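Below: one structure, written as structure tokens.
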Amino acid sequence: MTASQPASAFSLLRNRFVQAILMSTLFLQIGIWVRNIAVLLYVKKMTNDDAFAVSLISVAEFAPIFVFSFIGGTFADRWRPKKTMVWCDLLSALSILAVLLAMENGTWHAVFFATLVSAILSQFSQPAGMKLFKLHVPEHLVQTGMSLYQTLFAIFMIFGPVIGTFIYQSYGIETAIGVMGAAFLLSAASLAFLPRDRDDAGEQQNSRVLEDIKAGFRYVWSSKILRTLGGGFIAAGLGLGLIQPMGIFLITEQLGKPEDYLQWFLLVNGIAMIIGGVLAMSFSSKLSPQKLLAIGMTVDALAMIAMGLSKDYWFTLGLQFISGFALPCIQIGINTLILQNTKESFIGRVNGILTPMFMGSMVVTMMLSGLMKNAISLTPMYIIAGLFFLAGVAILLPLFKLQSRIEPVAEKALAK
């Protein structure tokens with residue numbers, strides 16, 4: 001078993017689809033991290049450290065996901081996935097040009113528009129990418145593939161903040177936004193190396209969009225696995241929304257460190273994610289995805305509670321490492337469960353239904369986080385967030401009874 005693990009990873013790296021998608025992800029992560037760090041520091045500067053304004057950055061990033069996720073997922077099932085991903089990257093690059101023109105005319109609030117547009121377009125591109133993954137990666141390598149994919153994200157948890165901080169502090173917000181646009185264009189160029197879309201992929205002309213939407217809801221409702229995942233998503237979203245915009249204040253106020261320390265917290269988190277992703281890859285044949293998910297959520301919940309109580313910088317940094325170590329288990333578990341238990345023709349709609357459950361609940365508490373931070377201290381916010389995650393684990397417990405992959409039994413429901 002151990003000897004086959006490196007061979008599996010090597011065969012994945014030789015896969016033409018995997019090569020193209022990893023290259024595209026490389027450029028996208030550069031653009032995303034430059035955006036995340038540059039916009040955060042820029043808005044914080046322009047608003048004199050206003051917590052509510054900082055929280056609005058996250059709202060601009062995640063609220064469109066709640067609104068457009070199901071629409072994007074539905075059309076991802078109808079359209080050709082490769083073409084969808086390329087056009088999304090090109091339109092994102094075009095939106096960056098509009099932002100730069102607006103900023104030249106003195107409208108600094110246009111930085112929110114860059115985040116807004118890329119968040120909307122990602123709702124069409126991401127499910128298309130999942131559909132291609134389902135098409136081109138053998139099923140027995142899906143969990144290993146997800147581990148490899150998440151490891152790339154972890155690498156940018158290390159280098160992304162450093163790159164974003166360097167570009168913003170050295171060259172300013174305009175150059176940072178320009179780098180975003182170039183990254184989207186390079187991502188689109190990388191996707192050109194993807195295998196051609198199948199002739200029968202997407203573009204379902206025989207059904208109406210409304211019928212596809214109804215079929216998607218019936219499909220998810222007919223699957224016990226997908227219904228249970230939805231409940232866990234809601235609980236986790238409520239918890240994460242409370243603390244997602246508050247990390248920089250945990251550093252500057254509770255720990256008394258300069259804001260530049262944010263990049264070192266993310267650095268530690270990224271190193272932990274790489275280690276966690278590699279270990280998750282090595283254990284992918286021994287642990288079911290539902291167990292990986294539950295373990296990751298439990299560890300993250302306890303780490304959140306401890307971070308809220310901690311006043312010591314090094315102890316909190318250690319907790320950040322533990323949290324990052326567990327995060328790949330959550331991501332790999334979720335994506336593997338969805339891919340293994342969803343038919344190819346429903347990948348987009350399943351993502352489009354489950355994602356709003358998570359993002360919608362997260363946006364609700366995210367919009368309240370700035371006000372709550374001003375009303376109460378950070379400590380109870382982190383404790384409440386951890387308790388939400390533990391509630392999510394309790395919701396997911398029925399999945400432990402599943403011994404093997406189970407396809408949703410949706411035929412009767414779909415016939416209605």
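Here S8 does not fit the description of being open to solvent by 30 Å² or more (accessible area, probe 1.4 Å) and at pLDDT below 70.
Listed here are the residues, each with its yes/no results for (1) of a type outside the set (S, T, N, Q); (2) more than 16 Å from the chain's Cα centre (by Cα); (3) more than 15 Å from I177 (Cβ to Cβ).
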{"residue": "V18", "(1), (2), (3)": "yes, yes, yes"}
{"residue": "L22", "(1), (2), (3)": "yes, no, yes"}
{"residue": "L26", "(1), (2), (3)": "yes, no, yes"}
{"residue": "G31", "(1), (2), (3)": "yes, no, no"}
{"residue": "Y42", "(1), (2), (3)": "yes, yes, no"}
{"residue": "N48", "(1), (2), (3)": "no, yes, yes"}
{"residue": "G73", "(1), (2), (3)": "yes, no, yes"}
{"residue": "R78", "(1), (2), (3)": "yes, yes, yes"}
{"residue": "V86", "(1), (2), (3)": "yes, yes, yes"}
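Of the residues examined, V278 is one that is touching a helix residue (DSSP H, G or I) at 6+ places or on another chain (Cβ under 8 Å) and open to solvent by 30 Å² or more (accessible area, probe 1.4 Å).
Taking every residue in the stretch 124-139 that is over 15 Å from R349 (Cβ atoms) and pairing it with any residue that is not small (G, A, S) and not in a helix (DSSP H, G or I), at least 6 positions away or on another chain, the pairs with Cβ-Cβ distances below 8 Å are L132/L194; L135/R198; H136/N15; H136/P195; V137/N15. Scanning the stretch 18-56 for residues that are touching a Pro at 6+ places or on another chain (Cβ under 7 Å) and modelled with pLDDT under 75 returns V54, S55.
Evaluation of K286 against the conditions (1) within 23 Å of I384 (Cα to Cα); (2) over 20 Å from the mean Cα position of the chain (by Cα) shows that the sole unmet condition is (1). A182 meets each of the listed conditions (1) loosely packed, with under 14 Cβ neighbours inside 10 Å; (2) at pLDDT 85 or above apart from (1). Close Cβ contacts (under 8 Å, 6 or more residues apart or on different chains) running from residues in the stretch 248-264 that are touching a residue at least 24 places away in the same chain (Cβ under 8 Å) and within 16 Å of V54 (Cβ to Cβ) to residues that are charged (D, E, K, R) and assigned to a loop (DSSP other than H, G, I, E, B) comprise Q254/K311. Screening the candidates T84, T25 for the property of being in contact (Cβ under 8 Å) with a residue 60 or more places away in the chain, crowded, with 19+ Cβ neighbours inside 10 Å and assigned to a helix (DSSP H, G or I) yields one hit, T84. In the stretch 147-164 there is at least one residue that is at pLDDT 85 or above, within 25 Å of V39 (Cβ to Cβ) and open to solvent by 10 Å² or more (accessible area, probe 1.4 Å). Among residues of the stretch 46-58 that are over 14 Å from N36 (Cβ atoms) and of a type in the set (G, A, S), those with a Cβ under 8 angstrom from a residue that is open to solvent by 10 Å² or more (accessible area, probe 1.4 Å) and part of a loop (DSSP other than H, G, I, E, B), sequence gap 6+ or separate chain, pair up as A53/T47.
I need the full set of residues from the stretch 65-81 which are open to solvent by 10 Å² or more (accessible area, probe 1.4 Å), assigned to a helix (DSSP H, G or I) and not aromatic (F, W, Y), in order please. Within the stretch 65-81, I65, V67, I71, R78 meet the criteria.
Residue count for the stretch 256-282, restricted to those that are over 23 Å from A294 (Cα atoms) and either among the acidic types (D, E) or in contact with a Leu (Cβ under 9 Å, 6 or more places away or on another chain) (or both): 6. Of the helices (runs of 4 or more DSSP H) lying entirely inside the stretch 303-409, those containing at least 1 residues that are open to solvent by 30 Å² or more (accessible area, probe 1.4 Å) and modelled with pLDDT under 80 span 313-340, 347-375.
The values are calculated or read from the model by the stated rules, or taken from the named source; none is laboratory data. Quick caveat: nothing in here was measured; it's all calculated off a predicted structure. Don't worry about glycine lacking a Cβ; one is built from the backbone with ideal geometry, like all the others, and counts go over all protein chains shown. Accessible surface is based on the protein model in full, side chains and every heavy atom, while ligands, DNA and RNA are left aside. Shrake-Rupley method; radii C 1.70, N 1.55, O 1.52, S 1.80 Å.
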